[in-house]
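Inspection log for the structure reproduced underneath, given as structure tokens.
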Amino acid sequence: MGQERSHLQWKYGAVALSRNETHDKVAEMMKKELRGKVLDVPCGTGVLADRLRKMEFEVSCCDINPSYFSVPELRLDVGDLNRSLPYGDFTFDTILCLDGIEHTENPFNAIREFHRMLKKGGKLFISLPNYLTIERRLRFFFTGSFSKIPSHAALQEIWKGDLSMAHLSPLGYPLLKFILEHYGFRILQLERDREKPKMKWLLPFVWLIRLWGRVASEKRREAYRLDETMIDEIMMGGNTLIIVGEKT
């Protein structure tokens, strides 16, 4: 990202840096995929990549910060999603980018790189915070922000000034889908990491928004992708949205 990194001294081993539920859901989804070449980027500690290795996938691991990587059975390649990654064209059958794209300065470049590295018909699994749940919509109404902004002191103390650990690009599903389709992907599947029982208390707001969506004009529904953003997988969350795309 054009800056010198002060790497952390990671001492907690191969644990998930994103939500365990997301790793579990994606690992379960990957059981149905043909065994082939998989890129996990950013791979963090390597814990998910190691699960896939044990499932007999041929796994490559890549991350901007090598400090966290804790799986000696796998090799780590250092790479930056804001730039060109160190792999050839049409290399992978599947690419996993879990809780990574919101940390990039240039998510457009990341998606172009995914398309470049995937074989035709290859699959892309992306997870990111679901910024369009009813809970987050109400939070935005009151705070004007979809995501917490770390203080400069916290950035230095906790992450040693590594800006890539912050949420730099809070993409909602409609914009991310637009970018994916523009660069040659089609959406196959949406999943949430888990259901949140407390969301039922917000159902009256969901019903109100859906009623408004029904009476909105077709032009307005299309412009704001209302028919897609009002489905349960998005409105009723999960903290994390999992998107599966295919390279066309």
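The values are calculated or read from the model by the stated rules, or taken from the named source; none is laboratory data. The structure presented is a predicted model; accordingly, all values stated were derived computationally and were not measured. Using ideal geometry, Cβ is built from the backbone for each residue, glycine included, and neighbour counts are taken over all protein chains shown.
Things to note:
- For segment 64-80, a residue qualifies if it is farther than 19 Å from Glu105 by Cα, assigned to a loop (DSSP other than H, G, I, E, B) and within 20 Å of the chain's Cα centre (by Cα), and exactly one does: Phe69.
- Only residues that are small (Gly, Ala, Ser), over 30 Å from Phe57 (Cβ atoms) and within 15 Å of the chain's Cα centre (by Cα) were counted in segment 105-164, giving 1.
- Among (1) in a helix (DSSP H, G or I); (2) under 26 Å from Gly44 (Cα atoms) - the single one Leu171 does not satisfy: (1)
- Residue check, Gly79 under 25 Å from Glu157 (Cα atoms), of a type in the set (Gly, Ala, Ser) and out of contact with any strand residue (DSSP E or B) (no Cβ under 7 Å at 6 or more places or on another chain): no
- Contact map, segment 16-36: residues that are surrounded by fewer than 19 Cβ atoms within 10 Å (Cβ to Cβ) paired with residues that are in a loop (DSSP other than H, G, I, E, B) and among the charged types (D, E, K, R), Cβ distance under 6 Å, separation 6+ or inter-chain. Pairs shown: Arg19/Asp193; Glu21/Asp193; Glu21/Arg194; Arg35/Glu56.
- Top-ranked residue in segment 117-152 [being touching a Pro at 6+ places or on another chain (Cβ under 9 Å) and over 22 Å from Leu17 (Cβ atoms); ranked as modelled with the highest pLDDT]: Leu132
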